[in-house]
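Chemist: Quick one: the structure is below, questions incoming.
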Amino acid sequence: MGGLDHCYNIADLREVARRRLPKGVFEYVDKGTEDMVALGNNRRAFEDLKLLNRILVDVSDVKMDTTIFGKPASLPMVIAPTGIAGLCWYEGEYELAKAAAKAGLPFTLATGSNTPMEKVAEAGGRPWFQLYMWREKELSYELVRRAAAAGFETLIWTVDIGHGANREHNARNGFSQPYKVNAKSIVDMLSHPEWMLNVIGRYITSSGMPEHINYPAKYRDKFTGKKSQDKALRADQVSWADVEKLREIWPGKLVIKGIMRADDARRALDHGADGIVVSNHGGRNMDSAPATLDVLPSIAQAVGDRTTIFVDSGVRRGSDIVKCLALGADAVLTGRATLYGIGAGGEAGALKALSVLKDEMRRTMAYIGKQRVADINGDDIWRGGN
Ligand SMILES: Cc1cc2nc3c(=O)[nH]c(=O)nc-3n(C[C@H](O)[C@H](O)[C@H](O)COP(=O)(O)O)c2cc1C
């Protein structure tokens, strides 16, 4: 864990995670899809957007806290759902949830996680739950009811998955979710003995091989053995009526994730959503997707006064969070930034990622002369000329 002391930013945590994790696991986290165009678009959009510094104003009391759905959050940030933390670290979802609770941020548990949702809820803080809808919708509703009973406060329904992603690197690495033992993955595991011992080894000696523990029993599939039916079972016949159905079942806040168009954002609200996530899934699904930063302004203009807007895909620096807020988001979701932390050092690594982002955000707010999150706006963006 000593490596964390030498991590000064998210890129450093990524590098520690890259060395520690098997290649198949690391590339599943790190890469996008097909030619990695959307992945590049996301980062380029952040790099191309410039903020204007403001001088000779009081920045002695910069505060990054805000409220998300009426409750305090130490940063305008939520941990995104990623169904892989449990392969980056033993019960990585639990570690990430503990880090989020300590940092005062909501944490979202993915449907495809390896730690029981009831255990993750025990980490305290503000647990949120992410849903993928199965073809047998009643099974999804059961999961939603279970999440409500376990104390999850917000439901995120992810809708941008379509027919599944074409991530060729996974096939090349012999990696699949659930994790399969095959010639390539065995070589990969054996060349990362610390991971093999402390992640797979701990699962085997406690509950057995990791599995999609929150799935209904008939959909569960150990990380070895039979072919995953995951994608075949994911609903590809869904409609806006399903939002209304979830609205009926779910007692808490309902958020639709994967919105890239103003008209879809309007529809989501018309059908009962409390918030939206502007997201291209971190550049992991449709490689022709524009950067979320490029579509955010029109969505914020269309629905910003009616709802809570989250945005994700590409946040790696605290300044990126400021840029999202300046373009009209209320908060960001972080996927890889905090996953790199988990992959580098479990809960301590995730806490490091969060403190790095917070510190960078504080500096950026001081540069642009804004002491409060609510004061960040479009006026902070350089639009060419002056
Ligand atoms: C390894 C990995 C697994 C993911 N799994 C899920 C998932 O199960 N459900 C979901 O809604 N989004 C999933 N996502 C997408 C994230 O929730 C989020 O939209 C994305 O990571 C944001 O981009 P960023 O990684 O650049 O921050 C995953 C992302 C990654 C990197």
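Chemist: How much of the DSSP beta bridge set in the chain is antiparallel, as a percent to the nearest 5?
Modeler: Details: 6 of 34 bridges.
Close to 20 percent.
Chemist: What whole number of Å gives the distance from the Cα centroid of the range 146-191 to the Cα centroid of the range 1-50?
Modeler: Their Cα centres are 17 Å away from one another.
Chemist: Arrange the peptides 378-384, 349-355, 368-374 so that the one whose residues have, on average, the most other Cβ atoms within 10 Å appears first.
Modeler: Ranking, from highest mean packing down: 349-355, 368-374, 378-384.
Chemist: Among the lysines, select those whose C-alpha is under 21 Å from the C-alpha of Lys257, and discard any that sit fewer than 8 residues away in the same chain.
Modeler: Lys31, Lys71, Lys137, Lys231, Lys245, Lys323
Chemist: Taking only protein heavy atoms into account and a 1.4 Å probe, give the accessible area per residue of the chain in Å². Could you put the intermediate results ahead of the total?
Modeler: Details: 15910 Å² over 386 residues.
Result: 41 Å² of accessible area for each residue.
Chemist: With everything on Cα atoms, drop me the angle between helix 10-20 and the longest principal axis of the chain, reported from 0 to 90° to the nearest 10.
Modeler: On a 0 to 90 degree scale, this one is about 10.
Chemist: Relative to the longest principal axis of the C-alpha atoms of the chain, give the angle of the C-alpha long axis of helix 240-249, reported between 0 and 90° and rounded to the nearest 10°.
Modeler: 80
Chemist: Let me ask another. With +1 on each Lys and Arg Cβ and -1 on each Asp and Glu Cβ, how big is the dipole of the range 2-380 about its Cα centre, in debye rounded to the nearest 20?
Modeler: On the way: 51 positive and 48 negative charges, 139 e Å.
The calculated dipole for the range 2-380 is roughly 660 debye.
Chemist: What's the extension gain from Glu244 to Asp359 if we count 0.36 nm per residue and subtract their Cα-Cα distance? Intermediate results must be reported in sequence, preceding the final value.
Modeler: Details: separation 115, 0.36 × 115 = 41.40 nm, distance 4.00 nm.
Gain in length upon complete extension: 37.4 nm.
Chemist: Which one, His163, Pro127, Ser239, is farthest towards the positive end of the dipole of the chain when Lys and Arg carry +1 and Asp and Glu -1 on their Cβ?
Modeler: The Cα lying farthest towards the positive end belongs to His163.
Chemist: When the accessible area of the range 2-380 is split by element with a 1.4 Å probe, what percent falls to carbon and sulfur? Present the calculation step by step, with values, prior to reporting the outcome.
Modeler: Details: 7740 of 15210 Å².
Percent of accessible area from carbon and sulfur atoms in the range 2-380: 51.
Chemist: Right, next: Using only Cα atoms, tell me the angle between helix 137-150 and the longest principal axis of the chain; keep it within 0 to 90° and round to the nearest 10.
Modeler: 70
Chemist: Multiply the residue separation of Ala262 and Arg18 by 0.36 nm, subtract the distance between their alpha-carbon atoms, and state the gained length in nm to one decimal.
Modeler: Numbers: separation 244, 0.36 × 244 = 87.84 nm, distance 3.70 nm.
Gain in length upon complete extension: 84.1 nm.
Chemist: Rounded, prolate or oblate, given the Cα gyration tensor of the range 162-313, with a/c below 1.5 counting as rounded? Intermediate results must be reported in sequence, preceding the final value.
Modeler: Numbers: a/c = 2.49, a/b = 1.87, b/c = 1.33.
Judged from the Cα gyration tensor, the range 162-313 comes out prolate (a/c at least 1.5, a/b above b/c).
Chemist: Let me test this: with uniform point scatterers at the alpha carbons of the chain, what is the Debye-based log₁₀ I(q)/I(0) at q = 0.07, 0.15 1/Å?
Modeler: -0.29, -1.45
Chemist: Toward the positive end of the charge dipole of the range 2-380, about the Cα centre and with charges on Cβ (Lys, Arg +1; Asp, Glu -1), which of Met209, Leu354, Gly3 goes farthest?
Modeler: Towards the positive end, the residue furthest out is Met209.
The values are calculated or read from the model by the stated rules, or taken from the named source; none is laboratory data. In this text, all values refer to a predicted model and were calculated from it rather than measured experimentally. In this analysis, Cβ positions are derived from the backbone assuming ideal geometry, glycine residues included, and neighbour counts consider all displayed protein chains. Areas reflect the complete protein model, heavy atoms only, side chains present, ligands, DNA and RNA absent. Shrake-Rupley method; radii C 1.70, N 1.55, O 1.52, S 1.80 Å.
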